[in-house]
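J.: Before we start, here is the structure in question, set down as structure tokens.
We did not get these values from a lab; they are worked out from the coordinates using the rules stated. All values reported here derive from a predicted model rather than from experimental measurement. Glycine also receives a Cβ, built like all others from the backbone with ideal geometry; neighbour counts cover every protein chain displayed.
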Amino acid sequence: MIYIRSMLDTPARRGFLTGALALIATPWPALAQDDALAGAIRAAIGDTPVQDGGITLRTPPVAENGGQVPLTVLVDSPQTAERHVTAIHVLASRNPTPGIADFRLTPVMARAEVQTRIRLAEEQRIIVLARFNDGTVRRASAEIRVTTGGCLT
């Protein structure tokens with residue numbers, strides 16, 4: 001009996017069991033939210049590589065009411081015919097529906113800036129993607145704590 005026990009208690013088996021337990025301990029809704037967010041990002045920009053930076057997000061670090069959280073997005077772009085932002089996508093990592101807003105822009109606009117109020121279900125990360133006319137995509141994100149959720153699941 002001791003021999004069998006020592007064969008079953010190997011480092012490889014312990015590693016497998018630890019990984020299996022971690023997977024079981026991960027809540028299924030969290031996995032579904034990650035899949036929904038990845039799907040929303042793919043729907044917005046496809047498989048385009050993303051670069052961080054070049055976007056300023058203005059939002060409160062703590063939102064008292066998740067039903068109306070102010071958000072300002074400012075993309076560093078000259079908005080000329082040669083180089084301009086064509087779209088801004090706003091996503092939330094833990095909302096029931098991750099895609100919050102899509103804005104279409106043209107070079108006629110003086111600045112690549114949008115202001116809106118968004119609804120957030122709970123504490124989460126806001127992700128903003130800006131697509132340029134040459135196909136490049138920039139990204140910025142911000143963590144927001146929500147006191148009272150603004151979404152129904």
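J.: Ranked by Cβ crowding within 10 angstrom, fewest neighbours first, how are Glu143, Glu123 ordered?
T.: If I rank by nearby Cβ atoms, fewest first, I get Glu143, Glu123.
J.: Determine ³J(HN,Hα), in whole Hz, for all residues of the range 68-83 in sequence, where each value follows from phi through the Karplus function 6.51 cos²θ - 1.76 cosθ + 1.60 and θ = phi - 60°; x replaces Gly and Pro.
T.: 8, 9, x, 9, 10, 10, 10, 9, 6, 8, x, 6, 9, 4, 6, 9
J.: Quick check: pseudo-label points 7 Å beyond the Cα along Cα→Cβ at Asp35 and Val108, how many nm apart are they?
T.: Each label point is offset 7 Å from its Cα along the Cβ direction, giving 4.3 nm.
J.: Still on this model: What distance in nm separates the two pseudo spin-label positions at Asp47 and Arg125, each 7 Å out from Cα along the beta-carbon direction?
T.: The modelled label-to-label distance comes out at 2.3 nm.
J.: What residues of the range 74-98 lie in the reach of a label at Asp134, counting those whose backbone N is under 16 Å from a point 7 Å from the Cα along Cα→Cβ?
T.: Answer for this model: 76-87.
J.: Per-residue HN-Hα couplings for the range 49-55, Karplus 6.51 cos²θ - 1.76 cosθ + 1.60 at θ = phi - 60°, whole Hz, x for Gly and Pro?
T.: x, 10, 10, 7, x, x, 10
J.: Whole-Hz ³J(HN,Hα) for each residue in the range 110-122, computed from phi via Karplus 6.51 cos²θ - 1.76 cosθ + 1.60 with θ = phi - 60°, x for glycine and proline: what do you get?
T.: Per-residue couplings from phi come out as 5, 9, 8, 9, 10, 10, 7, 10, 10, 9, 10, 6, 6 Hz.
J.: Next question. Whole percent per 10 Å bin, from 0 to the bin with the longest distance: what is P(r) over all C-alpha pairs of the range 97-153?
T.: Calculated P(r), rounded to whole percents: 17, 47, 25, 10, 0.
J.: Mind checking the log10 I(q)/I(0) for the range 43-144 at q = 0.19 Å⁻¹? Debye, one equal scatterer per Cα, no solvent, two decimals.
T.: -0.89
J.: How do Leu91, Leu74, Leu120 rank when sorted from fewest to most other Cβ atoms within 10 Å of their own Cβ?
T.: Taking fewest neighbouring Cβ atoms as first place, the list is Leu74, Leu91, Leu120.
J.: Mind sorting Ser93, Ser77, Ser141 by how few other Cβ atoms lie within 10 Å of their own Cβ, fewest first?
T.: Ranked by crowding around the Cβ, least crowded first: Ser141, Ser93, Ser77.
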